[in-house]
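One structure is given below, encoded as structure tokens.
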Amino acid sequence: MRARSRERIMQAAVELVDRRGFNKVTLGDIAERAGVARGLVSYYFPGKRFLLQTAMHRHMHLTLAAALRPLDDPATPHFSQDPDLWLATAIDAVTGLAVDRPTLMRAHLSLILAPLDGVFVQDEEQRELGRLLQEVLRRRGSTDPGAEHAVLRSALMGACIGMLLPGAEAPPELIRADLFARYGLDTALGPRAPHAPARG
């Protein structure tokens, strides 16, 4: 039950910040949306900034896992062992959040670039995102997925910043093409390829 309550709180935080922005959401709002006592939110999370970072790491790894799952299931028509497709799908899943949920992603990026205590939140949710990205890199033959994951993560976050920089947003298709070229990927791969159905 504790785990379910914690998950409801994180999901509520993501939904509310996505709709209203970070500054217009209170911990009380999040508690009400999650259907839990206000004190329970503070019990699990030492502040709104920590909560949103943790909630976003969870949202990102769940989004990435959902995108990769069909590739790993022989029962689906999307099953594939092509390591390039796995990486293309991972790139599209993470950077796609900047396209589909820009308010949420801007809030997350602003918090990780200017953390209140000067420390990047490294929680279990963030480590799970890292594990997924490292598995994708292992499939491509990486000999040091830990180090390569750090570079990939930086490239993905940099791409999101480029797409969301207020007043100087770069077109997502140009950012995508640059990332794919960096990793030697065909832009026809992945769920956000030009021929793929649009996702909203």
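The values are calculated or read from the model by the stated rules, or taken from the named source; none is laboratory data. Since this is a predicted model, take the numbers as computed values, not measurements. Neighbour counts are summed over all protein chains in view; Cβ atoms, including those assigned to glycine, are modelled from backbone coordinates with ideal geometry.
Here are the numbers for the structure shown:
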quantity	calculated
Every residue from segment 6-52 that is among the small types (Gly, Ala, Ser), in contact with a helix residue (DSSP H, G or I) (Cβ under 6 Å, 6 or more places away or on another chain) and either free of Cβ contacts under 8 Å to residues at least 60 places away in the same chain or surrounded by 17 or more Cβ atoms within 10 Å (Cβ to Cβ) (or both)	12, 13, 28, 31, 34
Filter result for the condition that a residue is of a type outside the set (S, T, N, Q) and at pLDDT 95 or above, over 129, 137	137
Residue 84 being acidic (Asp, Glu), under 20 Å from residue 156 (Cβ atoms) and in a helix (DSSP H, G or I)	yes
Residue within segment 180-187 that is small (Gly, Ala, Ser), at pLDDT 90 or above and out of contact with any helix residue (DSSP H, G or I) (no Cβ under 9 Å at 6 or more places or on another chain) present	yes
Residue check, residue 55 farther than 17 Å from residue 18 by Cα and either touching a residue at least 24 places away in the same chain (Cβ under 8 Å) or not in a loop (DSSP other than H, G, I, E, B) (or both)	no
Members of segment 151-200 found to be among the hydrophobic types (A, V, I, L, M, F, W, C) and part of a loop (DSSP other than H, G, I, E, B), listed by number	165, 168, 170, 185, 188, 189, 193, 196, 198
